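A.B. asks: Supplied in structure tokens, the structure appears directly below.
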Amino acid sequence: MAEIEQFLEWLACPVCGGDLSRTADGLACPEGHSFDIAKQGYANLLGPQGKTHTADRPEMLDARTRVLGAGLFDPVTEAIREALLEFDGSEVGGPVVDLGTGTGFHLERALEELPERFGLGLDNSKYAARRAARCHPRAAAAVADIWEGLPLKDRSVALILDVFAPRNGPEIRRVLGPGGLAIVVTGAPDHLAGIPEGFGMITVDPEKRERLARTMEDLDQAVESAAIGWTMSLTPDEVADLVRMGPGAGRVEPEAFAAEVEALPDRTEVLGRAELHLFSVT
Ligand SMILES: C[S@@+](CC[C@H](N)C(=O)[O-])C[C@H]1O[C@@H](n2cnc3c(N)ncnc32)[C@H](O)[C@@H]1O
């Protein structure tokens, strides 16, 4: 875990955009807007319009930890790693910022690939920020709402990661520095097909690619896009965790959920379908 003070040159007040400095109990800007630093080390940079109704709850993060730890999304991790290998950021200053960082899993791996960088995980879930703050010795985390705006200075960031999380193109454009890169991973329409309907999964919006293109249109160029496809052969517990970690979590009553898990065969074939998009800024 890095200290949030090490990120002050890049952070901005979420209310007025001013510089932040360290105070006795947190951070503050010259206008007097002040923000807590939790005892677990993450900063609370939610501004007045910030919302947390979409924030992951602890049990969702626990399920995500198990799924990622079991390697079920490794093809995504590998695709991000390959994109990072192509990133020649030697001329680009600033940190890696992971939007909707969750447990900090992808941030941690990105920092392993980029040994000179610091990394900041942003999430509107305080439970996620708590975990992401501890994901790597060069990482810190803050609670922030991607839709409200990013608590970062203009053109201050080298690399943005956004993996299965909300995308705010104008804000990504504003904070990426010259030569910066955004790596965006979205679910494709068949993602997680194979999970029985009784689990109440929310399917991926088929318009997602068009929406992504619209929100990112301010970026200078979409460098490339790649499809990531894989098949998972899952135990009933693994199927249950895929449901528990996603937006459909909690839609089915606990008893009905347990009955669905009970009815699963030893192995269920489930599709992984994602797209990785790279956007650059000059
Ligand atoms: C599907 S999870 C992905 C987590 C992580 N990127 C990964 O791939 O493991 C989405 C994350 O985005 C966060 N999130 C949802 N809405 C958000 C918002 N408006 N601002 C910031 N984070 C948000 C959730 O709390 C959750 O941690």
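The values are calculated or read from the model by the stated rules, or taken from the named source; none is laboratory data. Predicted, not measured: the structure shown is a model, and the values here were computed from it. Heads up, the Cβs are rebuilt from the backbone with ideal geometry, glycines too, and the neighbour counts pull from every protein chain shown.
A.B. asks: Quick one: count up the residues across the stretch 158-210 that are within 11 Å of the ligand (Cβ to nearest atom), closer than 30 Å to ALA28 by Cβ and among the hydrophobic types (A, V, I, L, M, F, W, C).
C.D. replies: Of the residues in the stretch 158-210, 2 are within 11 Å of the ligand (Cβ to nearest atom), closer than 30 Å to ALA28 by Cβ and among the hydrophobic types (A, V, I, L, M, F, W, C).
A.B. asks: Hey, could you check the stretch 214-268 for residues that are at pLDDT 95 or above, touching a Gly at 6+ places or on another chain (Cβ under 9 Å) and among the polar types (S, T, N, Q) and say which is nearest to GLU59 (Cα to Cα)?
C.D. replies: Result: THR268.
A.B. asks: Just one of ASP25, ASP36, ASP19, ASP88 is among the charged types (D, E, K, R), away from the ligand (no atom under 12 Å from the Cβ) and closer than 22 Å to TRP147 by Cβ; which is it?
C.D. replies: ASP36
A.B. asks: OK, next. Identify, from the list ARG130, ARG117, ARG155, ARG109, the residue that is more than 11 Å from the ligand (Cβ to nearest atom), touching a Lys or Arg at 6+ places or on another chain (Cβ under 9 Å), more than 21 Å from CYS29 (Cβ to Cβ) and of a type outside the set (A, V, I, L, M).
C.D. replies: ARG117
A.B. asks: Looking only at the stretch 137-152, count every residue that is away from the ligand (no atom under 14 Å from the Cβ) and surrounded by fewer than 24 Cβ atoms within 10 Å (Cβ to Cβ) and tell me the total.
C.D. replies: We begin by selecting, within the stretch 137-152, every residue away from the ligand (no atom under 14 Å from the Cβ); these are 137-138, 140.
Checking the rest, the ones that are also surrounded by fewer than 24 Cβ atoms within 10 Å (Cβ to Cβ) come to 137-138.
Summing the residues that are away from the ligand (no atom under 14 Å from the Cβ) and surrounded by fewer than 24 Cβ atoms within 10 Å (Cβ to Cβ) in the stretch 137-152 gives 2.
A.B. asks: Also, quick follow-up: Could you check the stretch 190-203 and list, in sequence order, the residues that are without any contact (Cβ under 8 Å) to a residue 40 or more places away in the chain and in a helix (DSSP H, G or I)?
C.D. replies: Within the stretch 190-203, just GLU197 meets the criteria.
A.B. asks: Can you confirm whether THR215 is of a type in the set (Val, Ile, Thr) and under 30 Å from VAL261 (Cβ atoms)?
C.D. replies: Spelling it out, it is not the case that THR215 is of a type in the set (Val, Ile, Thr) and under 30 Å from VAL261 (Cβ atoms).
A.B. asks: Something else now. At least 3 residues that are free of Cβ contacts under 8 Å to residues at least 12 places away in the same chain and either out of contact with any Asp or Glu (no Cβ under 8 Å at 6 or more places or on another chain) or not polar (S, T, N, Q) (or both) in each: list the helices (runs of 4 or more DSSP H) lying fully within the stretch 204-282 that qualify.
C.D. replies: Here the list reads 208-215, 254-262.
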